[in-house]
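The block underneath contains the structure these notes are about, expressed in structure tokens.
What follows is calculated from the coordinates using simple rules that are stated; it is not laboratory data. Fair warning: this is a prediction, and the values are worked out from it, not measured in the lab. Reconstructed Cβ throughout: ideal geometry from the backbone, glycine too, with neighbour counts over all protein chains shown.
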């Protein structure tokens with residue numbers, strides 16, 4: 001197995017200099033994020049005025065897969081886009097917390113589930129031109145009930161749907177949450193390429 005942190009096609013390529021921050025000013029700070037402004041130098045040597053949203057949590061998510069190939073999703077109102085969003089259970093893990101501990105908590109709090117088996121799915125840069133937010137997701141199975149404990153600002157609907165229906169709805173554009181979309185496609189890739197237990201993969205793909 002390759003241990004390099006670069007794609008195989010990038011090894012040996014000459015890279016330009018990195019961006020350089022020539023100072024930092026904090027424009028906004030909250031318990032969840034800060035906005036910093038930087039006089040900066042671009043890889044070309046050009047001077048720039050750059051701002052970055054710096055998150056204080058790791059975005060976490062889990063796709064809970066049942067033995068029959070269904071997955072549990074949660075629906076909730078989202079403030080930023082003023083819409084109702086269907087997603088896998090997600091949350092934010094503080095930077096001083098193990099993200100795996102955070103997502104296990106979110107699975108119970110939002111979906112009322114705990115899982116016996118977990119596999120890492122993705123580590124992604126959420127919007128790497130203007131933020132430093134990292135997202136980490138898992139696939140979980142061997143599910144059983146757990147007490148729910150939603151945040152006081154949250155009201156969840158919980159639905160158990162066939163995985164292939166989730167893929168169809170992503171294709172139709174009715175499921176748009178980025179971590180859910182990316183993790184669903186990764187789960188499909190893992191099922192097709194033997195990275196999941198065979199029975200679970202067959203169930204996910206509707207081939208039971």
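Divide, for segment 97-208, the radius of gyration over alpha carbons by 2.2 N^0.38 Å, where N is the residue count. It would help to have the intermediate numbers written out before the result.
Details: Rg = 14.9 Å, N = 112, 2.2 N^0.38 = 13.2 Å.
It is 1.12.
With the contact rule set at Cα under 8 Å and sequence spacing of 6 or more, what percent relative contact order holds for the chain?
So the answer I get is 20 percent.
Compute a Gaussian network model of the chain, connecting alpha carbons closer than 10 Å, and tell me which residue from 186, 15, 47 fluctuates the most.
Greatest mean-square fluctuation among the candidates belongs to 15.
Compute the angle between helix 178-192 and the longest alpha-carbon principal axis of the chain, please, reported from 0 to 90 degrees and rounded to the nearest 10.
60
What whole-number distance in Å separates the alpha-carbon centres of segment 136-208 and segment 11-44?
What the calculation gives is 35 Å, centre to centre.
Please find the FRET efficiency linking residue 178 to residue 47, where r is the Cβ-Cβ separation and R0 is fixed at 35 Å, and quote it to the nearest 0.05.
With a Förster radius of 35 Å, E is 0.60.
Measuring from label point to label point, each 7 Å out along Cα→Cβ, what is the residue 24 to residue 144 span in nm?
If labels sit at residue 24 and residue 144, their model points lie 4.5 nm apart.
Any idea what angle helix 163-172 forms with the longest principal axis of the chain, computed on alpha-carbon atoms, 0 to 90 degrees, nearest 10?
Taking the Cα atoms of the chain, the angle to 163-172 is about 50 degrees.
So between residue 80 and residue 33, what do we pick up on full extension, going 0.36 nm a residue minus the alpha carbon distance?
Using 0.36 nm per residue and subtracting the Cα-Cα distance, I get 15.4 nm.
Kindly express, to the nearest 10 degrees and within the range 0 to 90, the angle between helix 99-111's C-alpha long axis and the longest C-alpha principal axis of the chain.
50
Over segment 33-114, what is the mean sequence separation of C-alpha contacts under 8 Å (at least six apart), divided by residue count, expressed as relative contact order in percent?
On the way: 121 pairs, mean separation 19.4, N = 82.
Normalised by residue count, the contact order of segment 33-114 is 24 percent.
As a test, work out the antiparallel percent of DSSP beta bridges whose residues both lie in the chain, rounded to the nearest 5.
Details: 43 of 50 bridges.
Bridges in the chain are about 85 percent antiparallel.
What FRET efficiency comes out for the pair residue 14/residue 129, r = Cβ-Cβ distance, R0 = 35 Å, nearest 0.05?
Numbers: r = 23 Å, r/R0 = 0.65.
After rounding to 0.05, the efficiency reads 0.95.
By count of other Cβ within 10 Å, fewest leading, how are 95, 63, 205 ordered?
Details: 95 11, 63 25, 205 17.
Listing 95, 63, 205 from fewest to most nearby Cβ atoms yields 95, 205, 63.
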